């Protein structure tokens, strides 16, 4: 079965960040690699109503266009349901921001194997969730998982 991946917006847009740190350069290349694996069918990308909405909020056209292009490669779009909203509400108590909690709940609902983010605080806080049904990971680690 194909590996299912949910990229959050900070991961999707990492290749557009100013490459003024080695970490940003490495994560950018990793994200581009993940996108390439989606294009070849090696992995399956998930989108969601929340990702589409968040991507449309960008004031910079290049970021909006990039996000739209990446999300167009998704195999499916996870809908925002009451069940997802209730799950997100439960995730909030772990110090996770509301939109991030929604993304995690959507990734679970879409049966993602991996939730990929460049947000260290989100990574740290999500590790505290004992019943999280998706593995949260940064892009560099995700490349290692894909290439095993």
Against the longest alpha carbon principal axis of the chain, how many degrees, from 0 to 90 and to the nearest 10, is the axis of helix 61-71 turned? 70
Take peptides 7-14, 100-107, 88-95 and line them up by average Cβ neighbours within 10 Å, highest first, as a rough protection proxy. 100-107, 7-14, 88-95
Among 62, 43, 84, which one shows the biggest mean-square fluctuation in a GNM of the chain, springs joining Cα atoms closer than 10 Å? 62
Given Cα pairs under 8 Å that are at least 6 residues apart, what percent is the relative contact order of the chain? 30
Note to self: C-alpha centroids of region 41-70 and region 101-148 sit apart, in Å, by 17
What is the log10 of I(q)/I(0) for region 49-93, computed with the Debye formula using one identical point scatterer on each Cα and no solvent, at q = 0.16 Å⁻¹? -0.55
GNM flexibility winner over the chain from 98, 79, 61 (Cα, springs under 10 Å): 61
Could you give the radius of gyration (one decimal) and Dmax (whole number) of the Cα atoms in the chain, in Å? 14.2, 41
Below 8 Å, C-alpha to C-alpha, sequence gap of six or more: please give me the relative contact order for region 109-148 in percent. 48
Measuring from the longest principal axis of the C-alpha atoms of the chain, the long axis of helix 82-91 (C-alpha) lies at a number of degrees, nearest 10, equal to 90
So the angle from the long Cα axis of helix 22-40 to the longest Cα principal axis of the chain, reported in degrees to the nearest 10, equals 80
Three semi-axes of the equivalent ellipsoid, region 1-87, Cα gyration tensor, whole Å, largest first: 22, 17, 12
Stretched out fully, how many nm does the piece from residue 77 to residue 141 gain, at 0.36 nm a residue minus the Cα gap? 20.6 nm
Using Cβ counts within 10 Å as a stand-in for footprinting exposure, how do 119, 82 rank, fewest first? 82, 119
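FYI, it's all coordinate maths here, none of it is from the lab. Since this is a predicted model, take the numbers as computed values, not measurements. Virtual Cβ from ideal backbone geometry, glycine too; neighbours counted across all protein chains shown.
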